[in-house]
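Visitor: I'd like to ask you about the structure that follows.
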Amino acid sequence: MLDGFAGRYEALEDRGAGRRSWPTDVKLRIVRESHAPGGNGQRGGIG
C-alpha cells in the first residue's frame, strides 16, 4: 500500500448486540499505531 502499512487486517466475527471486548495486545497495538508518525494522533495534533 502507498501508506507503508506492512501489517495485516483481521476480520472480527459479529457477536451480536453489545460492546466488543478487545484483547489488551490489540488495544495496545491500536494506540501505538495511532501515535506513530503519520498516525491519527499526529494528524489530530495530539502526538
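The values are calculated or read from the model by the stated rules, or taken from the named source; none is laboratory data. None of the values given here were measured: they were computed from a predicted structure. A quick note on method: Cβ atoms are made from the backbone with ideal geometry, for glycine too, and the neighbour counts reach across all protein chains shown.
Visitor: What about residue 25, is it exposed (fewer than 10 other Cβ atoms within 10 Å of the Cβ) and at pLDDT 70 or above?
Guide: Working: exposed (fewer than 10 other Cβ atoms within 10 Å of the Cβ): yes; at pLDDT 70 or above: yes.
So residue 25 passes the test.
Visitor: Somewhere in segment 29-37, is a residue at pLDDT below 65 and part of a helix (DSSP H, G or I)?
Guide: No.
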